[in-house]
Every structure is written in C-alpha cells, then in structure tokens.
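Everything on this sheet refers to the single structure shown next.
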Amino acid sequence: MQRANLSTVSEFVFVGLSDAPEIRLLLFVLFLLVYLATMAGNITLLAAISTDSHLHSPMYFLLGNLSLLDLLCPTITVPKMLGALLLEHKEISFSGCLLQHFSLIAVVGTEIFLLTVMAYDRYVAVCHPLRYPSIMSRTLCAQLAVGTWATGLLNSLLHTSLVFTLSFCGPNQIQQYYCDIPPVLALSCSSTWSRELVILVVAGVLGSSACVVTVVSYIYILLEILARNSPGIWHKAFSTCGSHLTVVCLFYGTTICTYVRPSSTYSPHWDRIVSMLYGMLTPLLNPIIYSLRNKEVKCALKRVISRL
C-alpha cells in the first residue's frame with residue numbers, strides 16, 4: 001500500500017519581506033526596536049509582579065502568565081525574521097517550520113484561554129468582592145493557569161498534526177515571515193478541504209466557548225454595576241476591567257481576522273499586516289495598557305526601576 005502524506009519538501013523559504021536593501025535595513029531597525037521594547041516591557045512587568053508583595057494576588061499572577069506569553073510570542077518569530085532581513089537567510093527547514101508553527105499556535109491558543117480566565121477573575125472581583133479571596137484561591141489560580149497552558153499545547157498539537165501530515169511536493173515559498181497555518185496550507189499539493197474543516201470547527205468551538213465565557217462575564221459585571229448605581233462605581237469598574245477589556249478586543253480582533261476563515265480568502269499582504277499586529281504590537285502594548293491605569297502596577301514598576 002502506497003504511503004501517504006510523505007513530504008518531499010525539505011525546507012521552506014520566506015518571501016513575505018521586502019527585497020529592496022534600503023527598506024530591509026529600515027524594517028530591521030524598526031522590528032528590532034519593537035522587539036527589544038517588548039522584551040524590556042514584559043520582563044520589567046514580570047519582575048515587578050514576582051518581587052513586589054503588593055502584586056501577589058490572583059489578578060497579577062494571571063497577568064504574569066500573560067507577560068510570559070507576550071515574551072514567547074515574538075521570540076518565536078521575530079529573530080528568524082530579523083535574520084532574514086539582515087543576512088538574507090530566508091530558508092527554514094521542514095522540522096524548523098513545524099516547531100515554529102507548533103510553538104506559535106500553542107502560545108496564541110494559551111493566550112486566548114488565559115484571557116478568558118482573566119475575564120472570570122474580573123467577574124468575581126466585581127460581583128463577589130467579599131468572597132474573592134476564597135473563590136480565587138492560590139490552588140484554583142494554579143489549576144486554571146496549568147489548564148490554559150495544557151489546552152493551548154493540545155490544541156496546537158492537533159493543528160500542527162493536521163497541517164504537517166499533508167503532502168508538500170511543489171512550491172516551498174511561504175508568503176509570510178513565519179510558518180503560519182494559511183500560507184503553509186496554500187503550499188500543499190494534496191486536498192486540504194477536510195483538514196481546513198476540522199481546523200475551523202475546533203478553532204470555532206474553542207474560540208467561541210472562550211468568547212462566550214468572556215462576554216457573559218462582562219454582562220454580569222455590567223448588570224452588577226447598573227444594580228449598585230453608586231457614586232464612582234463606573235470609574236472603579238473601568239479601572240478594574242478596562243485594561244483587560246482593551247487587550248481582549250485587540251487580541252481577538254486580530255486573531256479572528258487571521259485564522260477564522262477559509263484559505264480561499266487568504267491574502268498575503270493583508271495577513272502580513274494583521275499578523276504583525278497580534279505577533280508584535282499586541283505583546284508590546286499589553287504591559288503598557290496594564291500599566292497606564294493601574295496605580296499598583298505603576299508603583300511596583302517604579303520600585304523595580306529604582307532598584308535596577
């Protein structure tokens with residue numbers, strides 16, 4: 001019986017970056033500065049959360065996990081992209097592409113589930129403030145964090161196995177600066193319809209479930225605010241939930257535009273722009289968003305910077 005799903009492509013080539021030397025240098029400097037700023041912001045936030053006793057609470061424990069994910073997400077893709085811009089080394093091995101794909105989907109999936117857990121945490125903080133310490137205990141927080149990472153890894157394992165067990169026997173040029181689902185599927189020389197259907201169904205079920213939990217949490221928060229109708233309640237609720245809600249809208253908007261659609265609608269130029277939003281700008285903006293309207297975080301960051 002003939003063996004199926006045997007790949008004849010040993011490497012892929014990224015062609016999603018400009019070939020003009022002057023633009024390549026400009027992009028290299030720009031992306032390097034964004035990457036370094038992202039690393040500095042999230043590492044500083046992680047240092048503040050781990051060393052400042054005022055931030056040893058469930059909310060900041062979950063925020064620390066988010067900062068760790070924001071460190072991993074650009075680290076998976078940006079160094080290879082910088083190498084392609086500076087050294088023109090645009091090739092990546094088949095196994096390297098598989099590993100990059102698996103790592104990226106795992107981080108993105110974990111972040112979706114983590115944002116959902118953070119929405120539940122905000123719901124408990126606003127609607128059940130007196131019971132918050134008992135409900136969001138350290139044990140539950142640890143279990144929720146482990147669950148989000150495990151679910152993200154399992155989801156990525158399924159997606160990666162569906163994509164990289166296809167046959168690749170033709171073009172090997174990826175219209176992107178990293179190994180993502182749509183451009184890799186576009187290179188397969190076998191039928192991808194059934195795999196795409198499974199990917200869309202799984203992503204739809206998991207993504208919609210996470211979205212529903214997030215939306216329901218904020219509906220309960222809104223109802224609680226309207227029921228209390230006390231002076232300053234809107235300002236307090238916004239300071240409690242505003243940062244998370246902003247990050248959710250930014251992250252969900254970019255990931256849905258990238259993944260929740262068939263490959264027939266794949267547009268290389270548009271996808272590169274969108275992927276840079278959630279792959280580079282979102283990890284850069286998250287620590288800024290959480291720091292601007294949070295006095296505890298700002299004070300902790302000042303103490304960390306003063307110690308450094």
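The values are calculated or read from the model by the stated rules, or taken from the named source; none is laboratory data. Source: prediction; values computed, not measured. Note: ideal-geometry Cβ built from the backbone for every residue, glycine included; neighbour counts use all protein chains shown. Accessible surface is based on the protein model in full, side chains and every heavy atom, while ligands, DNA and RNA are left aside. Shrake-Rupley method; radii C 1.70, N 1.55, O 1.52, S 1.80 Å.
When Y177 is tested against (1) of a type in the set (F, W, Y); (2) touching a Leu at 6+ places or on another chain (Cβ under 6 Å); (3) at pLDDT 85 or above, only condition (3) is not met. Once the stretch 93-124 is narrowed to residues that are farther than 23 Å from V146 by Cβ and not hydroxyl-bearing (S, T, Y), the residue that is surrounded by the fewest Cβ atoms within 10 Å (Cβ to Cβ) is G96. Condition first: assigned to a helix (DSSP H, G or I), over 20 Å from Y177 (Cβ atoms), among the β-branched types (V, I, T) and in contact with a Gly (Cβ under 9 Å, 6 or more places away or on another chain). Can you find one or more residues in the stretch 123-131 that meet it? No, the stretch 123-131 contains no residue that is assigned to a helix (DSSP H, G or I), over 20 Å from Y177 (Cβ atoms), among the β-branched types (V, I, T) and in contact with a Gly (Cβ under 9 Å, 6 or more places away or on another chain). Of the listed requirements (1) more than 21 Å from I181 (Cβ to Cβ); (2) open to solvent by 30 Å² or more (accessible area, probe 1.4 Å), L55 misses just one: (2). Scanning the stretch 259-295 for residues that are exposed (fewer than 15 other Cβ atoms within 10 Å of the Cβ) and either basic (K, R) or at pLDDT 70 or above (or both) yields R261, I288, R293, K295. Scanning the stretch 177-187 for residues that are buried (at least 20 other Cβ atoms within 10 Å of the Cβ) and assigned to a loop (DSSP other than H, G, I, E, B) yields Y177, Y178, C179, D180. For the stretch 163-176, does any single residue satisfy the condition of being assigned to a helix (DSSP H, G or I), out of contact with any strand residue (DSSP E or B) (no Cβ under 6 Å at 6 or more places or on another chain) and either of a type in the set (D, E, K, R) or open to solvent by less than 40 Å² (accessible area, probe 1.4 Å) (or both)? Within the stretch 163-176, one or more residues are assigned to a helix (DSSP H, G or I), out of contact with any strand residue (DSSP E or B) (no Cβ under 6 Å at 6 or more places or on another chain) and either of a type in the set (D, E, K, R) or open to solvent by less than 40 Å² (accessible area, probe 1.4 Å) (or both). Check the stretch 210-223 and report whether any residue there is open to solvent by 50 Å² or more (accessible area, probe 1.4 Å), under 22 Å from V163 (Cβ atoms), among the β-branched types (V, I, T) and modelled with pLDDT of 80 or more. No, the stretch 210-223 has no match at all. Scanning the stretch 19-29 finds no residues that are under 30 Å from C299 (Cα atoms), within 25 Å of the chain's Cα centre (by Cα), at pLDDT 85 or above and not aromatic (F, W, Y).
Scan the stretch 125-133 and give yes if some residue there is hydrophobic (A, V, I, L, M, F, W, C) and surrounded by fewer than 19 Cβ atoms within 10 Å (Cβ to Cβ), otherwise no. The answer is yes; a qualifying residue exists.
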